[in-house]
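Written out below as structure tokens is the structure these notes cover.
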Number of protein chains: 4
Amino acid sequence: MNTLGSIFRVTSFGESHGAGIGCVIDGCPPGIPVHLSALQKEMDRRRATKSYHTSRQEPDRVTIVSGVFEGKTTGAPITCFIENRNVDSSSYDELRYTPRPSHADYPRYVKYRGYADYRGGGRFSGRITAGFVAAGYFARLVVKTMHHTQIAISSSIIEIGGLPPEKIEWDALQGDSLGGIIECRICNLPVGLGEPVFDTVDGELAKALFAIPGIKGIEFGAGFTLARMKGSQANDQFYMEENRVATVTNHSGGILGGMTSGMELVFRVAVKPTPSILRPQQSVDLRTGEETSLTIKGRHDPCIVYRAQPVVEAVTAIVLADMGLRNGK
Amino acid sequence: MNTLGSIFRVTSFGESHGAGIGCVIDGCPPGIPVHLSALQKEMDRRRATKSYHTSRQEPDRVTIVSGVFEGKTTGAPITCFIENRNVDSSSYDELRYTPRPSHADYPRYVKYRGYADYRGGGRFSGRITAGFVAAGYFARLVVKTMHHTQIAISSSIIEIGGLPPEKIEWDALQGDSLGGIIECRICNLPVGLGEPVFDTVDGELAKALFAIPGIKGIEFGAGFTLARMKGSQANDQFYMEENRVATVTNHSGGILGGMTSGMELVFRVAVKPTPSILRPQQSVDLRTGEETSLTIKGRHDPCIVYRAQPVVEAVTAIVLADMGLRNGK
Amino acid sequence: MNTLGSIFRVTSFGESHGAGIGCVIDGCPPGIPVHLSALQKEMDRRRATKSYHTSRQEPDRVTIVSGVFEGKTTGAPITCFIENRNVDSSSYDELRYTPRPSHADYPRYVKYRGYADYRGGGRFSGRITAGFVAAGYFARLVVKTMHHTQIAISSSIIEIGGLPPEKIEWDALQGDSLGGIIECRICNLPVGLGEPVFDTVDGELAKALFAIPGIKGIEFGAGFTLARMKGSQANDQFYMEENRVATVTNHSGGILGGMTSGMELVFRVAVKPTPSILRPQQSVDLRTGEETSLTIKGRHDPCIVYRAQPVVEAVTAIVLADMGLRNGK
Amino acid sequence: MNTLGSIFRVTSFGESHGAGIGCVIDGCPPGIPVHLSALQKEMDRRRATKSYHTSRQEPDRVTIVSGVFEGKTTGAPITCFIENRNVDSSSYDELRYTPRPSHADYPRYVKYRGYADYRGGGRFSGRITAGFVAAGYFARLVVKTMHHTQIAISSSIIEIGGLPPEKIEWDALQGDSLGGIIECRICNLPVGLGEPVFDTVDGELAKALFAIPGIKGIEFGAGFTLARMKGSQANDQFYMEENRVATVTNHSGGILGGMTSGMELVFRVAVKPTPSILRPQQSVDLRTGEETSLTIKGRHDPCIVYRAQPVVEAVTAIVLADMGLRNGK
């Protein structure tokens, strides 16, 4: 469904070509100062891209509809709304019954029995992640209040199309698309976030991150590489670092037994190449069951990895805010 | 916390060296025939291993305490209990305040303020997965009633220590340990399981699977490899296969937009090498803050991948039963 | 928190004197025709009153922001928004630190540490029930699809100030206020709604109804009177009515063991007199701790029972839609 | 379903004539000393009765299966189990398809399609409340750690069959049964427990209390009487009592806007007369649809109010522990 979290809860709503998209954030503690310009800055990060100049140039301007009073959170649900402007749905008419390969179109059609709003991907558009980013802004504010040290969430793109990002020649792509790998690091987390055995930090992060369109894999610490190491290499041995328990290596990525260990939390997510490519592809007409060819029109971002990056951080902040509040911090 | 699921809900309880371990399964529909011998067979699969002969030889005998009457489920909560026998906790005394590297010991100590049962790993022992397997037995029964076709969950170990499993020379390990990669495949799933945008099939599976001790990564379909492909290679184009929509390739692993696509659901999980190895390791005394050396005693399974395999299937069944019931099947 | 329900879920947001109030409705099945005029009619029922002519005369006009496409529900979250117009918050300035007797002001101040929006009661205003009514409209549509017979939710006001409603002389109230009792009846419900032992139909209804400001009691069937009857009088004996199991009496109010029995579901709720009265009352200044006198200004509805009536029906519909979907109908 | 609560969560399991009944308590903080004798004392309170000498004389002996180590809670799920002994199910054979009036038998049969364990009422027996009482013991321990002052939960029976309890002549009942009213009072609660707008203290208490078999109504403070008062009489005016905000009256029963006000929390519940009476009653055969006469055999408690009293307190403690932990206390 469309609500994430247990105490810090985000409800997502809206469609790509409807009136707008947004979120309701419940469980945000009262008294936290809110700066619209900082929120807007996060929104703008999601719009920036190295690979692509969008024709929807206007900013995603956020309106705070409820839950903030006199510049501070009130403890009441915070509603953020981003209007959809300049939408042109005409190119989607012919896609209504012809699912685009590797898009959500086909199972959406079956599950919602043809009633879903298909325009611009509807509810399954990357656009809904603008609401995640707005919620992530508030989550970061909560995370900052959680702990005496300064929790910091950062990320970097470590691969695009299997190469270092700077090596990509965008002009040579010619209507094709690329995926990539984003690495996220969170430092200064307290020890013991996570509610085993089922509501683990890694499990909750993974669940939330798979809500971002295009994510196909996640690994913590050394991840899949760990599966190829021996225990004697893999184990993170303990030592004391200035009166604080630390580990010599961090193959565990800051998580042990589903709880934060106090070491840097590290994970990587795999983002698939944008399925919208400018080449004829094979599809079927869902009304007649006949095979057909499909050509996606319009300009599409050939690599959503850059735009996914602030979304990954936002979703991470949302989960950590919730896990922090659940832990009573 | 210790409950997983929304309609088909599993509550896990018990510790490795306490009275026993078990689970309460809520939301199981009434009237499903239960065969204790089949349940016991699943339990025995979890105990089998290629790498190791355990000294706790007795079977994990399951008692059904509630929820089954006259050989059928009643719709009431099903409680399964597995007694702990022949436990010898003496070797754990010296580990009480000295966390084992890459075990849950350290964050557990901090989070539960030293009150957790540390014997045999307590709540963080692989032993609690026996309860998952018992719940998985019932989940498979539910999954079978979900759909007219025969949903089948199977898995294989595709790597141990980076090699094909049959290439491992267990005798050469000498007190060290290995991890591996398990691939799970589910065929004949209906289209449209999964409750986007947050309760996706991939997200719910990932969350649940990270509850299995030692899992450090998950990827669906081509996963991390997908991040290195171009869209034109990655996209799964549609065709008609005997009046049924199908895709030429299945790089998406049977999931699109967080919903099942009707193609085979495929995922792989990375299992880290068992952290218990028979070599001196560096640790700290949590009472004094002094660095110390630690040697883990007793026999430990040098590779939990074989034992994790039926657990991965069981947890998968639990999630699919829940997603199926949520979808109204 | 601000989300109600398990499958059919309503998230409430907004404050009395903020930008507006509304709700997000998740889990509504796709393909249900939506009629804005019928929705608006429900909204208007909540505004009508016999006791009072409000100075906020403009209608509560609902905008559907998401989840409806081409006149039908899509399965995506439905967002309803009602703008606040013509609000005058000036009379609330002096109430900011002086809690009104029997209002939520005092615990709200403590819980939200003074940061809550106090204007017009903020989040604790009866105004937020406009969002419940909007959600109730959709819930009724779902309830109608649930069962082959025609489920009907109706209610009546059986007492105002201890008297039959028609006996009240409103002009004689002189700045004082009255409460009352609302009886709600639902007929043609299927047998077996309710998820015992904890998620009972009576329990879920009670929980939801206590979210309506002013409700102080609820009883099902003969309720408190049942506590004064003997078993031989109280028991509802069974007979066959046209091939259908029925009971001679219905002291149980259509609920047995937390499940619907197929008989008419009957409950009554007690609504307290509006706490806003035009007389000086005793309060305290929360900053200084000094006792003070308080006079509430402006016109206030001396009896919210009429306005609560459609809200009671709406909340009942929300719970029944959820219980119906949970039951797989 | 069978789990109650959000952070402090109780999962109930077991049937009246199965192997036993019990509960799993999740979310109990670690380090709380547990005294088996005190727990057993609570269990014994539930068994005592003024109206009836039961033939099942043996005590409800609780076994703690998990979650307690070295005499203290560990933070892991606490499992309590109470074996069923001396059960004689023979008298229930003829009730299998003949529902007892005002029992759960009929909707249970329909909902669980005849597969439910009917012996001794199965899952709908008052016996399952023994598990609630066990959980309540732990909840009281949590409640005690919540606040600097001493929170105290007490209750009294204020009516039996419409009379003061001491006026009842039990011997004159002659196979009939009586209900009654229990009043519960909780003092020294902090201000601000409750999570409006939906997870109110009154709503959560009401929901939980309706899980107790036989409860048909609940009112807070003056409750239904409040609906007959004028605002000028009903309002609880504020004053200062030794540097603490207090109210002159407490018609609100310690709850305002769904939150605790710091005044004594007061509620009353209506308990219906035991439906098992020793007189022929009218029923139907659920297989044939024929009307039939039914005579319930065996000895049955003619008034469960005494036994319900400690259950009401236990359930109250469970809810307050959860609301306290949710509030971060």
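The values are calculated or read from the model by the stated rules, or taken from the named source; none is laboratory data. Note that this is a predicted model, so its numbers are computed, not measured. Please note: Cβ atoms are built from the backbone with ideal geometry, for glycine as well, and neighbour counts cover all protein chains shown. Ligands, DNA and RNA are stripped out before the accessible areas are found, and what is left, the full protein with its side chains, is counted by its heavy atoms. Shrake-Rupley method; radii C 1.70, N 1.55, O 1.52, S 1.80 Å.
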Counting other chain Cβ atoms within 10 Å of each Cβ in D:301-314 and taking the mean gives 0
Here the relative contact order (percent) of chain A, from C-alpha pairs under 8 Å and at least 6 apart, is 24 percent
One quarter of the C-alpha convex hull surface, i.e. the mean projected area of segment B:175-261 in nm², amounts to 7.6 nm²
One decimal, nm, nearest first: from B:Ser90 to the same residue in each other copy, label points 7 Å out along Cα→Cβ, the values are 5.2, 8.5, 8.6
Distance in Å, no decimals, from the C-alpha centre of segment D:206-233 to the one of segment D:131-169 is 17 Å
Sequence order, segment C:91-100: Karplus ³J(HN,Hα) from phi using 6.51 cos²θ - 1.76 cosθ + 1.60, θ = phi - 60°, Hz rounded, Gly and Pro as x, gives 6, 8, 4, 7, 8, 3, 10, 10, x, 6
For segment A:58-207, using Cα atoms only, the Rg and Dmax in Å read 20.1, 55
Here the correct list, in nm and shortest first, of distances from A:Ser232 to the same site in the other copies, label points 7 Å along Cα→Cβ, is 4.9, 8.6, 9.0
Rounded to whole Å, √(5λ) for the Cα gyration tensor eigenvalues of the protein assembly as shown, largest first, gives 47, 38, 31
Relative to the compact-globule estimate 2.2 N^0.38 Å (N residues), the Cα gyration radius of segment C:208-329 stands at a ratio of 1.54
Copies of C:Asn243 compared via label points 7 Å along Cα→Cβ give distances in nm, shortest first, of 3.3, 7.6, 8.2
So, relative contact order of segment B:152-203 in percent, Cα under 8 Å, 6 or more apart, is 42 percent
Cβ-Cβ cut-off under 9 Å around A:Thr98, Lys and Arg +1, Asp and Glu -1: the net charge is -1
Here the Cα Rg-to-2.2 N^0.38 Å ratio for chain C is 1.05
Taking every residue of D:121-134, the Cβ atoms of other protein chains inside 10 Å of its Cβ average out to 2
In debye to the nearest 20, the charge dipole size for chain D, taken about the Cα centre with +1 at each Lys and Arg Cβ and -1 at each Asp and Glu Cβ, equals 280 debye
Per the helix-only model, the protein assembly as shown has a calculated mean residue ellipticity at 222 nm (DSSP H runs of ≥4, -39500 (n - 2.57) each, divided over all residues, rounded to the nearest 500) of -7000 deg cm²/dmol
Here the alpha-carbon Rg of segment B:30-143 over 2.2 N^0.38 Å rounds to 1.29
Between the Cα axis of helix A:129-145 and the main Cα principal axis of chain A, the angle (0 to 90°, nearest 10) is 10 degrees
Chain C to chain B by rotation: the residue of C with the beta carbon nearest the axis and the rounded distance in Å are C:Gly328, 3
The helix A:36-47 Cα axis meets the longest alpha-carbon principal axis of chain A at an angle in degrees, between 0 and 90 and rounded to 10, of 60 degrees
Per principal axis, largest first, the Cα atoms of segment D:1-44 extend in Å by 34, 28, 14
Interchain or sequence-distant (5+) residues whose placed amide H lies within less than 5 Å of the amide H of A:His17 are A:Gly122
The ³J(HN,Hα) series, computed from each phi in segment C:60-70 with the Karplus coefficients 6.51, -1.76 and 1.60 at θ = phi - 60°, rounded to the nearest Hz and given as x for glycine or proline, is 7, 7, 8, 9, 8, 8, 7, x, 10, 9, 6
Heavy-atom accessible surface buried between D and C, both sides counted, 1.4 angstrom probe, nearest 100 Å², is 7900 Å²
In whole percent, the fraction of accessible protein surface over segment A:205-283 that belongs to carbon or sulfur atoms, probe radius 1.4 Å, stands at 47 percent
Expressed as a percent, the accessible surface of segment A:284-329 that is carbon or sulfur, using a 1.4 Å probe and the full set of protein chains, is 43 percent
For the table A:Lys111/C:Lys144; D:Lys167/D:Lys230; A:Lys72/C:Lys216, the rows whose alpha-carbon distance is greater than 25 Å are D:Lys167/D:Lys230; A:Lys72/C:Lys216
Mean other chain Cβ within 10 Å across B:257-265 is 5
For B:Arg279, the residues 5 or more places away or on another chain with a placed amide H closer than 5 Å to its own amide H are B:Ile296
Measuring from the longest principal axis of the C-alpha atoms of chain A, the long axis of helix A:305-326 (C-alpha) lies at a number of degrees, nearest 10, equal to 50 degrees
The base-10 log of I(q)/I(0) that the Debye equation returns for segment B:224-294 at q = 0.21, 0.24 Å⁻¹, one scatterer per C-alpha, is -0.99, -1.14
Heavy-atom accessible area per residue of chain A, all protein chains kept, 1.4 Å probe, expressed in Å², is 34 Å²
